[in-house]
1. Can you run down the residue pairs with Cβ atoms below 8 Å, 6 or more apart or on separate chains, where the first is in region 243-262 and over 21 Å from Ala231 (Cβ atoms) and the partner is modelled with pLDDT of 95 or more and among the β-branched types (Val, Ile, Thr)?
2. If you take the residues in region 61-75 that are modelled with pLDDT of 95 or more and among the hydrophobic types (A, V, I, L, M, F, W, C), which one is surrounded by the fewest Cβ atoms within 10 Å (Cβ to Cβ)?
3. Take region 250-295 and flag every residue that is in contact with a helix residue (DSSP H, G or I) (Cβ under 7 Å, 6 or more places away or on another chain) and among the basic types (Lys, Arg).
4. Answer with yes or no whether Leu60 is under 27 Å from Met200 (Cα atoms), aliphatic (A, V, I, L, M) and out of contact with any Lys or Arg (no Cβ under 7 Å at 6 or more places or on another chain).
5. If you check Thr334, Thr269, which single one turns out to be touching a strand residue (DSSP E or B) at 6+ places or on another chain (Cβ under 9 Å), under 25 Å from Phe54 (Cβ atoms), surrounded by fewer than 17 Cβ atoms within 10 Å (Cβ to Cβ) and touching a residue at least 12 places away in the same chain (Cβ under 8 Å)?
6. Would you be able to say whether some residue in region 25-44 is hydrophobic (A, V, I, L, M, F, W, C), assigned to a helix (DSSP H, G or I), at pLDDT 95 or above and within 27 Å of Lys359 (Cβ to Cβ)?
Amino acid sequence: MPQSIVSRIRFVLVAAALVAGTTLARAQSTLPQRYADTTFWRLTNELSEPNGLFRSDNLLSNESSFQWVVPSLEKMTRPDGVYLGVAPEQNFTFIAALKPRVAFIIDIRRGNLIVHLMYKALFETSANRVDFAFKLFGRPKPAGVSPAIGVEELFTLVGSTRLDTTFARGVLNDVKDRLMKTHGFPLDKEDLDYLDYVYMAFSGTGAGLRYNMGGRNAGFGYGRGGMPNYANLMTESDSLGTHRAYLATDEAYHTIKDMEERNVIIPFTGDFAGPKALRAFGKYVRDNKAVIQAIYVSNVEQYLWQDASNWRKYYENVATLPTDSTTVFIRSATNGYMHRQSPNSRQNELLCPVSAHLKAFTDGKLMQYYDVFQYCR
């Protein structure tokens with residue numbers, strides 16, 4: 001088929017998606033306030049593609065500037081929409097700020113789904129962020145710690161508290177019971193083995209856990225420097241100097257806890273350039289007359305661009321999603337692209353209107369990975 005015809009077809013797809021998003025913006029969403037356990041598990045499976053591979057386990061973020069854009073993100077995006085994000089815990093901070101009706105977490109690895117199920121169980125069984133933090137790292141909470149403790153003091157205390165293997169084993173068993181007995185999620189042996197591995201990585205290393213630590217797929221190596229640890233990520237701040245991490249304030253923590261208890265943070269497995277997951281997600285959102293607020297892509301596009309066909313498939317998938325003029329990509333860029341945002345940043349977070357990218361794609365203006373940053377703020 002001639003390239004000119006292909007471009008026109010793509011333009012029609014994008015235009016239809018944008019019109020649909022605008023129409024949906026005027027309609028009342030039919031997304032529920034709460035999902036039954038059976039519905040949660042069904043969606044997790046129906047939206048998913050087969051397990052894929054990445055060079056690292058990605059047990060936590062390595063983006064120390066991820067909070068930087070939160071003040072602008074809150075102003076740019078629509079309220080009461082749907083959030084889509086990739087990877088582990090950094091999503092909680094964005095979700096706490098945006099307060100979507102429903103949040104979906106996608107990743108090419110099923111392992112990320114298991115990480116989010118671990119978090120789900122810990123949120124549901126922890127009364128406050130202090131209890132949560134100590135459970136996450138397998139440390140018994142010292143007596144007399146105030147639930148109002150500041151985030152920097154909290155992680156100093158977590159870091160100075162010794163691992164208690166008996167306590168940690170108890171937390172892990174409680175997590176499994178919560179998922180399998182309370183919720184009835186049919187995790188298989190491979191899922192449970194990975195859950196063991198993940199929790200042992202968190203509890204064995206503590207709040208000093210870094211992105212490039214881990215056993216199975218630590219593809220960037222133990223010796224690679226400059227990676228922030230969990231405590232670093234939680235004690236960073238936004239562009240106004242305010243702590244915005246999901247464990248920084250009671251409000252942020254309880255926003256996520258409430259959503260987890262209502263089963264409205266739903267992880268699934270899929271490739272951004274895959275044939276099913278992103279399109280199935282978009283169809284579900286559109287069928288429920290909702291619009292996507294934000295798509296957190298981290299730097300996944302950098303890897304998609306390594307295969308030109310994947311890059312095109314990715315944007316064709318995005319064009320089918322129910323977005324509107326307020327929907328943004330939250331994207332990570334290396335410091336080589338622009339000035340350093342925060343004193344400790346390895347990458348910079350950028351907000352990028354999806355509509356501008358889709359138009360640039362149909363106009364043939366996205367020819368290499370770094371072209372995407374032309375349409376970011």
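The values are calculated or read from the model by the stated rules, or taken from the named source; none is laboratory data. All values derive from a computational prediction rather than experimental measurement. Using ideal geometry, Cβ is built from the backbone for each residue, glycine included, and neighbour counts are taken over all protein chains shown.
1. The qualifying pairs are Thr255/Ile95; Met259/Ile95; Met259/Ile265.
2. Checking each candidate, the answer is Leu73.
3. Within region 250-295, Lys257, Arg279, Arg286, Lys289 qualify.
4. Working: under 27 Å from Met200 (Cα atoms): yes; aliphatic (A, V, I, L, M): yes; out of contact with any Lys or Arg (no Cβ under 7 Å at 6 or more places or on another chain): yes.
Yes; evaluated as a whole, the condition is true for this residue.
5. On the way: Thr269 fails: surrounded by fewer than 17 Cβ atoms within 10 Å (Cβ to Cβ).
Being touching a strand residue (DSSP E or B) at 6+ places or on another chain (Cβ under 9 Å), under 25 Å from Phe54 (Cβ atoms), surrounded by fewer than 17 Cβ atoms within 10 Å (Cβ to Cβ) and touching a residue at least 12 places away in the same chain (Cβ under 8 Å) holds for just one of Thr334, Thr269, which is Thr334.
6. First, the residues of region 25-44 that are hydrophobic (A, V, I, L, M, F, W, C): 25, 27, 31, 36, 40-41, 43.
Narrowing the set further to residues that are assigned to a helix (DSSP H, G or I) leaves 25, 40-41, 43.
Those still in the list that are at pLDDT 95 or above too: 40-41, 43.
The next check asks that each one be within 27 Å of Lys359 (Cβ to Cβ); those that pass are none.
The answer is no, given that none of the residues of region 25-44 is hydrophobic (A, V, I, L, M, F, W, C), assigned to a helix (DSSP H, G or I), at pLDDT 95 or above and within 27 Å of Lys359 (Cβ to Cβ).
Condition check ((1) within 18 Å of Asp196 (Cβ to Cβ); (2) touching a Lys or Arg at 6+ places or on another chain (Cβ under 7 Å); (3) buried (at least 19 other Cβ atoms within 10 Å of the Cβ)) across all residues:
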residue: Tyr119; (1), (2), (3): yes, no, yes
residue: Asp131; (1), (2), (3): no, yes, no
residue: Lys135; (1), (2), (3): yes, no, yes
residue: Pro140; (1), (2), (3): no, no, no
residue: Ser146; (1), (2), (3): no, no, no
residue: Thr156; (1), (2), (3): no, no, no
residue: Thr166; (1), (2), (3): yes, no, no
residue: Arg169; (1), (2), (3): yes, no, no
residue: Asn173; (1), (2), (3): yes, no, no
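For (1) modelled with pLDDT of 95 or more; (2) crowded, with 21+ Cβ neighbours inside 10 Å, each residue gets a yes or a no:
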| residue | (1), (2) |
| --- | --- |
| Tyr211 | no, yes |
| Met227 | no, no |
| Ile256 | yes, yes |
| Pro275 | yes, no |
| Phe281 | yes, yes |
| Lys289 | yes, no |
| Val297 | yes, yes |
| Trp305 | no, no |
| Lys313 | yes, no |
